[in-house]
1. What is the range 41-83 by shape, rounded, prolate or oblate, if you read a ≥ b ≥ c off the alpha carbon gyration tensor as root eigenvalues and call it rounded for a/c under 1.5, prolate for a/b larger than b/c, and oblate otherwise?
2. What relative contact order, as a whole-number percentage, does the chain give when Cα pairs under 8 Å and 6 or more residues apart are counted?
3. Counting DSSP beta bridges with both partners in the chain, what percentage is antiparallel, nearest 5?
4. Using Cα centres only, tell me the gap between the range 65-123 and the range 295-311 in whole Å.
5. Specify the angular offset, from 0 to 90 degrees and rounded to the nearest 10, of the alpha carbon long axis of helix 186-195 from the longest principal axis of the alpha carbons in the chain.
6. Just from its helices, what would the mean residue ellipticity at 222 nm be for the chain, if runs of 4 or more DSSP H residues each count -39500 (n - 2.57) and the sum is divided by every residue, rounded to the nearest 500 deg cm²/dmol?
7. Quick one: which of 271-281, 116-126 comes out on top by average Cβ neighbours within 10 Å, and what's the full order, highest first?
8. Under the rule a/c < 1.5 gives rounded, and otherwise a/b versus b/c splits prolate from oblate, where does the range 60-202 land using the Cα gyration tensor?
């Protein structure tokens, strides 16, 4: 996600008018109200440590949140082990760049020791996969299998009935030094749980979205816009200044109500953030984050970070740009 993650952590990259973290938090709305929830955010040093806590406090002031900093990138199991003082009883672990559509209401009566969310894929060799037996129970997790026999890809979300069992397996994993490329992977800890007799099942999802790369973020943007297109352009702002003039909109799009768009074509699959100013431009299949100024340019499959200024030389040539926050670019 460079260059965007030079200035903000990956979960705060914008997609379809909100941050990726906002969409991830939406998933937990289906947890039964009878279950008391606490959120633990495992953060990287610097950007994550500095930006995620104030974001959560501003946008989710009513949740109980804990923050743990993983100063040294030693893998997923290590990150969870750092959180052990907050982990007791039932828990869900989800990677921050993974968005799935699932209903968590089953947690009120789930009897298994764990659940691994999976999605059938055409080529499983790029992912971790779950091997299951004839009764549907997981027998083993395999990271990046060499064959195509099992296509149930692990999407990066897990439920554990007892966090203590997972932490015990992670401790065993570390003592046995089971790692890959100097990192302790979660699948190895889960395999230790399986060795000890844990009963873990899979839950299949048809929707698995990813915000881990530019291409996948644009794909996620397209999917979310198709699900919830929002256009809130107003003709004039409070001072009577034209706020939307000569605009052609090709749905689906997201245009924030504070954006100013003049003599431009927006869409399809374009997201225009808050306080953006777009003049004489064509924006398609792109994400323009908040407070940007875009003029005299045609953009496609582009991601423009916050407070960036992009000036073109006309709309005849279609450009693809990947521009970080606070940049100033003359293109074309």
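Quick note: the coordinates plus some simple rules give every number you see, no bench work behind them. If you're wondering where the values come from, they're calculated on a predicted model, not measured in any experiment. Please note: Cβ atoms are built from the backbone with ideal geometry, for glycine as well, and neighbour counts cover all protein chains shown.
1. On the way: a/c = 3.77, a/b = 1.73, b/c = 2.18.
Oblate.
2. Working: 736 pairs, mean separation 46.4, N = 332.
With pairs under 8 Å counted, the relative contact order is 14 percent.
3. Details: 24 of 69 bridges.
Given both bridge residues lie in the chain, the antiparallel proportion sits at roughly 35 percent.
4. The distance from the Cα centre of the range 65-123 to that of the range 295-311 comes to 36 Å.
5. 30
6. Working: 6 runs with 64 residues, N = 332.
Computed ellipticity for the chain at 222 nm equals -6000 deg cm²/dmol.
7. Values: 271-281: 21.6, 116-126: 16.3.
Taking the mean over residues of other Cβ atoms within 10 Å, the ranking is 271-281, 116-126.
8. Here the range 60-202 falls in the rounded category.
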